[in-house]
Amino acid sequence: MPGNPAIAACNLARAFGAFRAVDGVDLQVERGEIFGLLGPNGAGKTTTIRMLTTLLAPTAGRATVCGFDVLTEAPEVRKRIGYVMQEVPRALYLLTARERVAMESSLYHVPHGETRTRVEGVLDVVGLLSHADQPFRTFSGGMQKRLDLACGMLHQPDVLVLDEPTLGLDVQSRHGIWEYIRLLQRRGVTILLATNYLDEADRLCDRLTIIDHGRVVVTGTPADLKRSVGADVLQVTTPNADRLCRAVEGQPGILRVATTGESEVHMYVGDAAATIPALMGLAAAARADLDRVTYTQPTLDDVFLLHTGRELRDGGTP
Amino acid sequence: MSIDGIIQVAGHPSRSFEGLRNYNQEVLALARRWWIETRRDRLNLVFSVIQPAVWMAFFGIGVGRTVDESIIGTSDYIGFMLPGIIAFTIVGNGVSGAMPLMWDKETGYLDKLMSMPIARSSVIVSRFVFQLGLNSTQVIIMLAVATLLGVRIETGVAGILVILVAGGLLTMAFTAAFSALCYRVANHGTFFAITGFITLPLLFVSSAFVPLHAMPGWMNVVARLNPVTYAIEAVRAIVLTGWEPAIAANLAILAVFAAVCLVFGTNEFRRLTGNRVGG
């Protein structure tokens with residue numbers, strides 16, 4: 001049904017006893033987007049995904065995928081989604097890559113006559129065709145993940161849901177998977193991507209929602225979100241963080257100040273080059289030593305910090 | 001009638017035909033997976049296939065010497081033991097046969113399966129189909145070994161077919177029961193603790209080693225509550241006695257038990273996946 005958003009969630013919630021893993025999430029993912037769910041571990045990303053993939057019934061609110069309700073029209077939803085889980089299922093370690101993909105292609109009702117072409121097609125796209133007859137258990141982490149991605153594409157889904165697709169992978173494998181995700185987008189697949197990697201969300205997503213403690217913190221394009229923080233970020237290491245903060249707060253050119261840890265101060269400024277000399281003067285006047293001053297463009301981590309008062313990086317990224 | 005009308009009329013049957021075709025495709029794909037995994041795990045396969053034959057040879061021949069013929073009612077102790085060995089091979093296979101389901105559940109692959117557009121029952125049904133094939137093969141091997149050891153089946157080839165039916169009912173019952181248990185319990189440790197606890201009494205408080213009439217009163221009562229007894233009694237008559245009406249009665253009781261297990265197993269599966277979403 002064109003016209004419907006790929007995914008729409010309204011006040012979606014899931015409680016486990018008294019614990020509200022997802023606590024009223026609103027999402028709208030348009031067709032053809034790469035949409036990110038960014039948040040620390042335990043923020044409710046996987047629980048949200050499990051509801052959208054019909055694996056978990058919401059305790060409140062509702063959600064549709066391609067216009068179908070995840071609770072009352074689950075079979076229709078399942079036909080239209082591909083789901084790549086956070087952990088590669090080790091259950092199939094005795095099968096070869098080809099056997100696994102062929103089995104899943106039958107489970108997606110790919111006609112028997114097309115199985116071989118379809119299986120080899122997806123294996124080829126993820127670069128595993130030459131390893132097709134190798135047992136799955138001999139695959140490296142990156143290869144296993146690519147195989148998982150291949151399986152998620154077998155039935156040419158409208159929406160592909162990826163839960164931490166590059167978790168624990170080396171740099172090269174991550175780039176390979178990002179390339180593959182972009183390729184799928186060019187083929188018209190909508191992608192919902194949960195991640196706690198800032199660079200992944202930044203580079204890959206057209207739009208993203210930051211979630212924390214089961215709630216939406218903010219939604220937007222990576223560029224807009226970063227722009228909302230300020231033009232530049234000065235990262236200052238100082239043993240006198242409190243004194244420095246008091247000295248610079250409210251000074252011209254300094255939009256906002258945040259401490260992250262005992263000796264780390266982030267200053268959101270209009271123009272770093274123009275502010276640094278002023279900072280030096282203010283620090284000297286306040287008798288605050290500056291061990292180190294660097295400046296960067298704002299990252300999504302700064303966005304997270306701005307909205308939650310914490311750094312995402314501290315959230316236990318493995 | 002317009003073309004649209006014809007398509008509309010034809011639409012429904014073809015859709016249900018498609019549903020059936022999809023269902024078969026799912027069950028076959030999963031059963032094929034079970035078979036590939038079993039075949040790759042070669043040592044496991046070899047040992048589980050030869051175990052009942054070894055049991056029959058050593059236990060049957062050895063213990064047979066110590067058994068009073070007037071109590072068991074036959075001089076053919078291996079023939080007397082055969083139904084019990086068949087029944088307990090199937091019970092044992094029910095326990096080990098639930099392991100792949102447990103493995104899927106514990107590694108999360110069950111979630112992946114449930115996110116696919118497959119019928120909710122495909123997983124258990126595929127497991128049953130696979131176990132039925134495996135158990136029937138084992139029953140035939142056991143019958144062949146028994147024949148080599150001198151057992152003559154009173155009812156002949158037709159009797160063998162009925163033994164396979166009894167084996168099938170028992171397979172259905174215990175595949176469903178142990179699948180239910182596997183979906184019910186928290187982890188495989190609990191699963192093995194419980195199955196270890198119940199399989200031995202199932203064996204000893206049945207007519208596997210002792211005929212019902214030779215049991216003390218209380219044991220007779222318990223043995224009659226044990227569904228395995230009915231499989232053993234039916235098969236024992238087929239092997240030792242010949243056709244008699246009690247065979248049909250015993251198989252009927254077994255069928256009821258299998259149906260109850262199936263309902264129980266399906267419910268447990270629904271409970272597990274229903275905390276998620278049904279459909």
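Key figures for this structure:
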quantity	calculated
Exposure rule at most 12 other beta-carbon atoms within 10 Å, DSSP loop trypsin sites (Lys or Arg not before Pro): chain A longest free segment	A:1-186
Kirkwood Rh and Cα Rg combined as Rg/Rh, the stretch B:77-144	1.14
Highest-fluctuation residue, B:Leu149, B:Leu43, B:Leu203 considered, GNM on chain B with Cα pairs under 10 Å	B:Leu43
Principal axis dimensions, the stretch A:239-288 - Cα atoms, whole angstrom, descending	25, 21, 16
Rg/Rh (Cα only; Kirkwood hydrodynamic radius) as it applies to the protein assembly as shown	1.13
Value of Rg to Rh for the stretch B:13-117 (Rh from inverse mean 1/r over Cα pairs, i.e. Kirkwood)	1.20
Helix axis angle, B:245-274 relative to chain B longest principal axis, alpha carbon, degrees	40 degrees
For A:Ile34, distant residues with modelled amide H under 5 Å away	A:Ile191, A:Asp206, A:Arg207
Relative counts (whole %) of C-alpha pair distances in chain B, using bins that are 5 Å wide	1, 5, 11, 15, 17, 15, 11, 9, 6, 4, 3, 2, 1, 1, 0, 0, 0
Among B:Val239, B:Val205, B:Val67: highest mean-square fluctuation, GNM of chain B, C-alpha pairs under 10 Å	B:Val67
Averaged over B:102-115, number of beta-carbon atoms from partner chains that fall within 10 Å	6
Histogram of C-alpha separations across chain A, 10 Å bin width, %	6, 24, 28, 21, 13, 7, 2, 0
Loop-located trypsin sites (Lys or Arg not before Pro) in the stretch B:108-165, at most 12 other Cβ atoms within 10 Å (DSSP)	B:Arg152
Proximal lysines to A:Lys145, defined as alpha-carbon separation beneath 28 angstrom and excluding residues fewer than eight positions away on the same chain	A:Lys45, A:Lys79, B:Lys105, B:Lys112
Proximal charge balance of B:Ser121 [Cβ under 10 Å; K/R count +1, D/E count -1]	+1
Whether the stretch A:101-219 is rounded, prolate or oblate, judged on the alpha carbon gyration tensor where a/c under 1.5 counts as rounded	prolate
Value of [θ]222 nm, deg cm²/dmol, for the protein assembly as shown, DSSP H segments ≥ 4, -39500 (n - 2.57) each, nearest 500	-17500 deg cm²/dmol
Percent of beta bridges antiparallel (DSSP, chain A, rounded to nearest 5)	65 percent
Cα long-axis angle, helix B:227-236 against chain B (0 to 90 degrees, to the nearest 10)	60 degrees
Nonlocal amide H pairs with A:Val22, under 5 Å, H built at 1.01 Å	A:Arg14
Choice from B:Val46, B:Val139, B:Val162 with maximal GNM fluctuation in chain B (Cα, 10 Å cutoff)	B:Val46
Calculated over the stretch A:161-318: convex hull of Cα atoms, volume per residue (Å³)	129 Å³
Förster radius 60 Å - calculated FRET efficiency between A:Lys79 and B:Leu148, Cβ distance, rounded to 0.05	0.70
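Bear in mind these aren't lab numbers, they're just calculated from the coordinates by the rules spelled out. Values in this document were obtained by computation on a predicted structure and should not be read as measured data. Neighbour counts are summed over all protein chains in view; Cβ atoms, including those assigned to glycine, are modelled from backbone coordinates with ideal geometry.
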